[in-house]
C-alpha cells in the first residue's frame, strides 16, 4: 500500500494471510451456503481490515448487485436528542429487515447518495426553512426512496416528515414510523396521503 493511498481488499488479504475470495466473503457477510470460514479466520480478516482502515466500496458493490442493502441516515449532530434518537431507532429497526444503517453527519450524505451509496435515505440534515434541495430532487428523479424531515418542504417524489414545533425528543412511535415508511417505499408499497401520522410528528405523503 503506497503512502497516502487508501487500503484495498488486496491489502487486507495480504495482511490476514488469506485469499481475496475469503476477504470478500467475510466482509460482505456472505457466510452461508457451501462456503465455510472458521471463526478464527473471520476474526483475522476483520482485525486486518480494522487495522488498515479498509472501507468496502459500497457504491461499486451496489452497482454489481443492483442493491446495497444500506440506508443512509443523514443528520446534523448526534448531540442533538432528535438526531441521536433517530439514529438509534434506525440502528434497531433496519437490520430486522435486511438493511444496515449508515449514519452520516453534516453534508457528506450528498456525495454518498449521489454515488449510489445506499438504497434509500432518511434526511434530517437540511437547514431550517429549506423549500427546495437539489440533491433530494435529483435522488427523487432517480427513484431513490427518501423520507425528508422538514417543516417547509413539500413531497415531490419523496416523503416528508414534519416535526412541527414540539421540543425535546420525539415519541418513539414517530421515529419508528419514519423508518417504517422508508422500508415500505423500499419494498415498493404505497401509502395513501393522510393515513400515516405519529405525534408529535406528522407525515406528508405525495
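The values are calculated or read from the model by the stated rules, or taken from the named source; none is laboratory data. This one's a predicted model, so the numbers in the text were calculated from it and none came from an experiment. Neighbour counts are summed over all protein chains in view; Cβ atoms, including those assigned to glycine, are modelled from backbone coordinates with ideal geometry.
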Would you confirm, using the coordinates I've provided, whether residue 27 is surrounded by 12 or more Cβ atoms within 10 Å (Cβ to Cβ), in a helix (DSSP H, G or I) and modelled with pLDDT of 90 or more? no
Evaluation of residue 67 against (1) modelled with pLDDT of 90 or more; (2) part of a loop (DSSP other than H, G, I, E, B) (one fails), failing number: (1)
Close pairs (7 angstrom Cβ cut-off, 6 or more residues apart or separate chains): assigned by TED's automatic domain parsing to the domain that holds residue 70 in the range 99-115, surrounded by fewer than 17 Cβ atoms within 10 Å (Cβ to Cβ) and at pLDDT 90 or above anywhere: 101/91; 114/138
